[in-house]
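Notes to accompany the following structure.
The values are calculated or read from the model by the stated rules, or taken from the named source; none is laboratory data. The shown structure was predicted, so the numbers you read here are calculated from the model rather than taken from an experiment. Glycine gets a Cβ as well: all are built from the backbone with ideal geometry, and neighbour counts include every protein chain shown. Each accessible area value is taken on the protein alone, full model and side chains, heavy atoms only, with ligands, DNA and RNA left out. Shrake-Rupley method; radii C 1.70, N 1.55, O 1.52, S 1.80 Å.
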Amino acid sequence: MIRIRNLVKTFNGTPVLNGIDLDIAEGEIIVVIGPSGTGKSTLLRCINLLEQPDQGVIEIDGDAVDVGHASKKDVLKLRRNTSFVFQNYALFANKTALQNIAEGLITVWNKPRREALAEARSILADIGLADKENSYPAALSGGQQQRVGIGRAMASHSKVMLFDEPTSALDPEWVDEVLQLMKRLAERKQTMVVVTHEMSFARDVADRVLFMEGGRIVEQGPPQKIFAEPDDPRTQAFLRKVLRR
Amino acid sequence: MNFDLSYFIELIPLLLRYLGITMQMALLGLVFALLLAVVMAVVRVFRVPLLDWLVQLYISFFRGTPLLVQLFLLYYGLPQMFPPLVGIDAFTAAVIGLSLHFSAYMAESIRAAIIGIDRSQMEAALSIGQSPLMAMRRIILPQAARIALPSLMNQFVDMIKSTSLAFTLGVAELMARAQMEASSSFKFFESFLAVALIYWVVVVLFTRLQLRLETKLNRAYQR
């Protein structure tokens, strides 16, 4: 469904992504792991062009975009085919939980207001926050904010949801409710790419785990394989460290 | 010292009749200045080629020269160069002059407020598929308004007071009336004290309004 070819990104001459190739199948759950500073977040941000890649091709349903020279139209198209969940939630601070979810439906998908609000309400109910529809982000807990962040991403019915360390900024007490919600989305076969340090989530939910280091995908495979018998010594070293074995 | 209290008290209602003209200039000036300022702030934030440069030049000029000079240039100077402007009346010229002048200051306040909004707000708006301009309108500017409000209000207060310069163009406003009364009665102190008090009370009332507006705009940010 999504093909990424030779994605390259440098920051001031320092390479961050060294030609990433990645195919994502419909309904696939991909979890990206690896040491910090190895380009995991940059990969996600290049897929929806929050970061401008130097070169590469991203193809969604046969529609190829040369992302090194993307037109404004291409940029919008890519962003409307993807949705993004931010590490710091990044909820619209001037809008209520309900308005955060409805915003895209109204302004991007041009749904009539009433229809958009009804849909946003059903998403709020789905993520267990029906009673918070008039709360502003500042009045929500971290876990609630991130669930609204996921709700906002759900509203765009995008082909692929991109999660950039969705639980890293959360107090430990809120991590589980966010992971539970992500698991439910995974069970519904929502295609997603998740950058995370939650190894148990990777092991339990991923269809495929990518290990990245130095701007490259070093190794990938089903979680059983990656966690039990990784081939690459760098993967072995990383997992030994994070799993404290 | 002989302060003529009864003259002073009788003068106030007389002067208040001219407050309307003063406030018309200030409020019209506010509307046009804000419109211009928002456009210029956005041009600067997006660094629109050429336009950004023009806006910087504009801001530099209108902040770098006295308002009185700008008003004279506009009302007495420009018609000499551009004959179609000969018919422009003093009130219109004053409103235009005030708008242009204060839009330069307001543009910088709004730009500073926009820059102060966390980058992730723009990224989140882009991520749901909004264009940068739509994100600006729906997400960034409403938040920037709250941050810019105190300094915009400062500039508006300054603008209310600066309408008094319009009397030099011959606009029959508050200050012009006070000047006329003073020179016919020779009661300068009473006349100018009365006009000073009127400006002061108006400014205090608008400051009250600002506090209410701040409370309203802060509602979304309460824990």
**Fill in**
Matching residues in region A:77-94 (open to solvent by 50 Å² or more (accessible area, probe 1.4 Å) and at the interface with chain B (Cβ under 8 Å from one of its Cβ atoms)) number 2
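Quick one: in region B:181-223, which of the residues that are in a helix (DSSP H, G or I) and charged (D, E, K, R) is most open to solvent (accessible area, probe 1.4 Å)?
Step one: of region B:181-223, the residues in a helix (DSSP H, G or I) are B:181-185, B:188-221.
Subsequent filtering for residues that are charged (D, E, K, R) retains B:181, B:190, B:208, B:212, B:214, B:216, B:219.
On the way: B:181: 28, B:190: 13, B:208: 160, B:212: 188, B:214: 50, B:216: 140, B:219: 140 Å².
Ranking the candidates gives B:212 first.
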**Fill in**
By residue number, the members of region B:121-150 that are open to solvent by 40 Å² or more (accessible area, probe 1.4 Å), more than 9 Å from chain A (Cβ to nearest Cβ) and farther than 23 Å from residue B:48 by Cα are B:147, B:150
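Within the group B:212, B:223, B:177, which residue is under 23 Å from the mean Cα position of the chain (by Cα) and farther than 13 Å from residue B:22 by Cβ? Let's see the steps before the verdict.
Working: B:223 fails: under 23 Å from the mean Cα position of the chain (by Cα); B:177 fails: farther than 13 Å from residue B:22 by Cβ.
Sole residue among the options that is under 23 Å from the mean Cα position of the chain (by Cα) and farther than 13 Å from residue B:22 by Cβ: B:212.
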**Prompt:** Among the residues of region B:87-95, is there at least one that is over 15 Å from the mean Cα position of the chain (by Cα), without any contact (Cβ under 8 Å) to a residue 12 or more places away in the chain and open to solvent by 10 Å² or more (accessible area, probe 1.4 Å)?
**Reply:** yes
**Item:** Residue list for region B:176-223, filter: aliphatic (A, V, I, L, M), touching a residue at least 40 places away in the same chain (Cβ under 8 Å) and closer than 30 Å to residue B:78 by Cα
**Value:** B:176, B:178
**Item:** Flag for residue B:104 being part of a helix (DSSP H, G or I), touching a Lys or Arg at 6+ places or on another chain (Cβ under 7 Å) and either more than 24 Å from residue B:36 (Cα to Cα) or not aromatic (Phe, Trp, Tyr) (or both)
**Value:** yes
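In the set A:156, A:168, which member is in contact (Cβ under 8 Å) with a residue 24 or more places away in the chain, hydroxyl-bearing (Ser, Thr, Tyr) and under 13 Å from residue B:128 (Cα atoms)? I'd like the intermediate steps shown before the answer.
Values: A:168 fails: under 13 Å from residue B:128 (Cα atoms).
After applying the criteria, what remains is A:156.
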**Prompt:** Do we find that residue A:97 is within 14 Å of chain B (Cβ to nearest Cβ), small (Gly, Ala, Ser) and touching a helix residue (DSSP H, G or I) at 6+ places or on another chain (Cβ under 8 Å) in this structure?
**Reply:** yes
**Request:** Quickly run through region B:48-68 and pick out the residues that are closer than 27 Å to residue B:89 by Cβ and open to solvent by 80 Å² or more (accessible area, probe 1.4 Å).
**Result:** B:61, B:63
**Asked** In region A:1-25, which residue that is among the β-branched types (Val, Ile, Thr) and farther than 16 Å from residue A:83 by Cα is modelled with the lowest pLDDT?
**Response** A:14
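Out of curiosity, is residue A:104 small (Gly, Ala, Ser) and open to solvent by 40 Å² or more (accessible area, probe 1.4 Å)?
no
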**Message:** Would you confirm, using the coordinates I've provided, whether residue A:68 is buried (at least 16 other Cβ atoms within 10 Å of the Cβ) and over 17 Å from the mean Cα position of the chain (by Cα)?
**Reply:** no
**Item:** Those residues of region A:1-52 which are surrounded by fewer than 14 Cβ atoms within 10 Å (Cβ to Cβ), touching a residue at least 60 places away in the same chain (Cβ under 8 Å) and in contact with a strand residue (DSSP E or B) (Cβ under 6 Å, 6 or more places away or on another chain), in sequence order
**Value:** A:21
